[in-house]
C-alpha cells in the first residue's frame, strides 16, 4: 500500500496487467520513449520492450484501427489517444468496427481493447485538448465508458477494463491527474464495471456526478444532507444505485462539465423520471458546462460549473 496520484495508479495498473497477461500491449503516440504526453506510460518501454509498448505515427484513425485488428485476433491492446478532442478522428473505427464486430460476427469475435484518453478542462491547453464528450460514446451500442475520479478507482477500473471482453473507453480527468493522492494497494484488485460508488451518504438530496466534477459537487455540498454518488461507469451505469438513493431523498441534482443539451445527465434524469417520479419532491436539476465550444485558457473557469452554480441548484431543490 502506498500513496499514488492518478498517473501513478494507472501506470501501476498497466504494469501489473502487462506482467499478468502477455497479450496486453500499449500503442499510441509517444507512449514509449517519452512515456506519454502526461508520462502515464513512463518506464514501461524499458520494462516490457518495443514489441509491447509501441510508438505510432500521428494518426488517431490508425491507432484505433490497428487496435481493433489486434483485439479481434486475440491481443488486448491499450490504445492511448493524447486528448479526447483528437478521438473524433478515430470515430469511424470505433463506431463502425470496434462496437459492431461481436454482433457482425454473431459472437465469433470480440474486441477486447481499451482506449485511454485524458478529458476535460482545467489544465488550460489549446483547442481540442479539453473536450468532455462522453455522451457521444455512451450512445454507441457495444462500447463501455468509464470515468475514474480517484487513484484507487483508476487502478481498479482500468484493470477491469483491460480484462473485459469488449471495447472500453477509459476517460481520465486530466485536472485530477496529479492533484489528489490516495492509498492504492500494491496487490492485485479490481473495481467492477457498471457499479457506482457512494462517496457520501445523506437523506436530503441525491447528487450524481463523475470525474472532476464529483469533487466540486462534493465541495459544494458542505452544509447539505447530500448523498453523493460517483457514477464511475457511464455505460452501462448503475441504475439501481441511483434509484435507491432518489427513493430515499426525493431530490436529484446531476453535475457534469459537458454541455447540458443531450449530455449524459439527461439519461440519468430520464431514468429517474421514468422509474421513480412518484418519489420526487422537487424537479430534477442539471448543472453542466455551457452551450459553447470549450473556450481557451483564460475563460475555462467561466465554462466549468462553479461552486456557486452547484450550490444554487442544491438550494433550489431543497426549497420544495
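The values are calculated or read from the model by the stated rules, or taken from the named source; none is laboratory data. Remember, predicted model here, so these are calculated numbers, not experimental data. Note: ideal-geometry Cβ built from the backbone for every residue, glycine included; neighbour counts use all protein chains shown.
Is it the case that some residue within region 31-40 is out of contact with any strand residue (DSSP E or B) (no Cβ under 7 Å at 6 or more places or on another chain), closer than 27 Å to residue 150 by Cα, without any contact (Cβ under 8 Å) to a residue 24 or more places away in the chain and surrounded by 16 or more Cβ atoms within 10 Å (Cβ to Cβ)?
Within region 31-40, one or more residues are out of contact with any strand residue (DSSP E or B) (no Cβ under 7 Å at 6 or more places or on another chain), closer than 27 Å to residue 150 by Cα, without any contact (Cβ under 8 Å) to a residue 24 or more places away in the chain and surrounded by 16 or more Cβ atoms within 10 Å (Cβ to Cβ).
Kindly indicate whether any position in region 66-73 is modelled with pLDDT under 95 and assigned to a loop (DSSP other than H, G, I, E, B).
Within region 66-73, one or more residues are modelled with pLDDT under 95 and assigned to a loop (DSSP other than H, G, I, E, B).
Does residue 51 satisfy being out of contact with any strand residue (DSSP E or B) (no Cβ under 6 Å at 6 or more places or on another chain), within 18 Å of residue 160 (Cβ to Cβ) and either surrounded by fewer than 23 Cβ atoms within 10 Å (Cβ to Cβ) or not assigned by TED's automatic domain parsing to the domain that holds residue 167 (or both)?
No; evaluated as a whole, the condition is false for this residue.
Quick grid of which residues meet (1) more than 24 Å from the chain's Cα centre (by Cα); (2) farther than 18 Å from residue 169 by Cβ; (3) not in a strand (DSSP E or B):
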| position | (1), (2), (3) |
| --- | --- |
| 13 | no, no, yes |
| 16 | no, yes, yes |
| 22 | yes, yes, yes |
| 36 | no, no, yes |
| 46 | yes, yes, yes |
| 50 | yes, yes, yes |
| 57 | yes, yes, yes |
| 63 | no, no, yes |
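Condition first: part of a strand (DSSP E or B), modelled with pLDDT of 95 or more and within 20 Å of the chain's Cα centre (by Cα). Can you find one or more residues in region 244-254 that meet it?
yes
Are there any pairs, at least 6 apart or on different chains, whose C-beta atoms fall under 9 Å, with the first in region 299-320 and within 15 Å of residue 249 (Cα to Cα) and the second modelled with pLDDT under 90, and if so, which?
none
Among the residues that make up region 262-270, is at least one of them surrounded by 15 or more Cβ atoms within 10 Å (Cβ to Cβ), within 24 Å of the chain's Cα centre (by Cα) and at pLDDT below 95?
Taking every residue of region 262-270 in turn, none turns out to be surrounded by 15 or more Cβ atoms within 10 Å (Cβ to Cβ), within 24 Å of the chain's Cα centre (by Cα) and at pLDDT below 95.
Of all residues in region 274-319, which are in contact with a strand residue (DSSP E or B) (Cβ under 7 Å, 6 or more places away or on another chain), outside any helix (DSSP H, G or I) and surrounded by fewer than 15 Cβ atoms within 10 Å (Cβ to Cβ)?
Across region 274-319, the qualifying residue is only 291.
Can you name the condition, by its number, that residue 218 falls short on among (1) more than 25 Å from residue 154 (Cα to Cα); (2) free of Cβ contacts under 8 Å to residues at least 24 places away in the same chain; (3) surrounded by 16 or more Cβ atoms within 10 Å (Cβ to Cβ)?
Just one mismatch for residue 218, condition (1).
Inspect region 195-212 for any residue being in a loop (DSSP other than H, G, I, E, B), at pLDDT 95 or above, over 11 Å from the mean Cα position of the chain (by Cα) and closer than 29 Å to residue 72 by Cα and give the result as yes or no.
Within region 195-212, one or more residues are in a loop (DSSP other than H, G, I, E, B), at pLDDT 95 or above, over 11 Å from the mean Cα position of the chain (by Cα) and closer than 29 Å to residue 72 by Cα.
Here's a check for you: in region 102-112, which residue that is within 18 Å of residue 138 (Cα to Cα) and out of contact with any helix residue (DSSP H, G or I) (no Cβ under 6 Å at 6 or more places or on another chain) is surrounded by the most Cβ atoms within 10 Å (Cβ to Cβ)?
Going through the qualifying residues, I end up with 102.
Out of 67, 79, 99, report the one residue that is in contact (Cβ under 8 Å) with a residue 60 or more places away in the chain, touching a strand residue (DSSP E or B) at 6+ places or on another chain (Cβ under 7 Å) and under 27 Å from residue 139 (Cα atoms).
99 is the lone residue from the list that is in contact (Cβ under 8 Å) with a residue 60 or more places away in the chain, touching a strand residue (DSSP E or B) at 6+ places or on another chain (Cβ under 7 Å) and under 27 Å from residue 139 (Cα atoms).
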